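The values are calculated or read from the model by the stated rules, or taken from the named source; none is laboratory data. These numbers come from a predicted model, not from an experiment. No Cβ is skipped: glycine too gets one built from the backbone with ideal geometry, and neighbour counts run over all protein chains shown. Please note that ligands, DNA and RNA were not included when accessible areas were found on the heavy atoms of the full protein model with its side chains. Shrake-Rupley method; radii C 1.70, N 1.55, O 1.52, S 1.80 Å.
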Amino acid sequence: MKGGGTSMDVTVNQILAKKGRDVCTVDVGCCLYDCAQIMRDNGVGSLVVMSNNSVVGILHERDISRVGVASKMDLDMTSVREIMLDNFAVVSLQTTAVQAMIIISRTRVRHLPVIEKNKLVGIISIGDLNQWILELQQEDINHLINYIHGDSGVCLNNTP
């Protein structure tokens with residue numbers, strides 16, 4: 001990822017600048033069936049749960065299947081409030097990509113809401129972070145190929 005600094009300095013803000021800041025949200029009273037429809041229609045695996053313009057939880061697609069469906073809950077009558085996670089990890093715009101990867105690994109989640117000044121400003125996923133890693137690897141490969149072909153601008157053996 002270009003734009004100054006090292007690969008270890010890349011922040012959530014830089015990742016969001018590239019991928020966008022759109023977040024699918026639902027009200028805490030939304031039924032699980034509607035949540036599943038929203039996830040399907042938007043191609044997302046998590047919804048940030050809101051109440052009075054504040055983030056109060058997160059709902060993952062696996063929550064619907066593992067809790068809602070497996071417990072034979074009525075998906076039309078059960079609200080997200082009943083199964084959402086209300087204790088979840090978040091990151092800020094200044095969080096580095098490496099720090100976000102550590103949080104995802106330790107908490108075993110796939111999505112992290114991005115909160116800045118108590119406001120939801122985006123969401124990053126394990127897929128976003130994997131994309132960042134792949135781009136860095138491709139950049140390294142390109143640098144090595146250029147170096148091997150003599151296009152690096154580096155003088156070897158003190159010869160211009």
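Reported count of residues in segment 16-42, each being farther than 11 Å from D76 by Cα, open to solvent by 70 Å² or more (accessible area, probe 1.4 Å) and either outside any helix (DSSP H, G or I) or free of Cβ contacts under 8 Å to residues at least 60 places away in the same chain (or both), is 8. Residue check: is N142 touching a residue at least 40 places away in the same chain (Cβ under 8 Å) and open to solvent by 40 Å² or more (accessible area, probe 1.4 Å)? So N142 does not fit the description; no.
Looking across segment 60-97, the residues that are more than 18 Å from D128 (Cα to Cα), crowded, with 16+ Cβ neighbours inside 10 Å and either free of Cβ contacts under 8 Å to residues at least 24 places away in the same chain or of a type in the set (D, E, K, R) (or both) come down to D63, V67, R81.
Pairs linking a residue in segment 111-128 that is under 13 Å from Q14 (Cα atoms) to a residue that is modelled with pLDDT of 95 or more and open to solvent by 50 Å² or more (accessible area, probe 1.4 Å), with Cβ atoms under 8 Å and 6 or more positions apart or on different chains, are V114/V90.
Of all residues in segment 98-117, count the ones that are open to solvent by less than 30 Å² (accessible area, probe 1.4 Å) and assigned to a helix (DSSP H, G or I). The number of residues fulfilling the criteria is 2.
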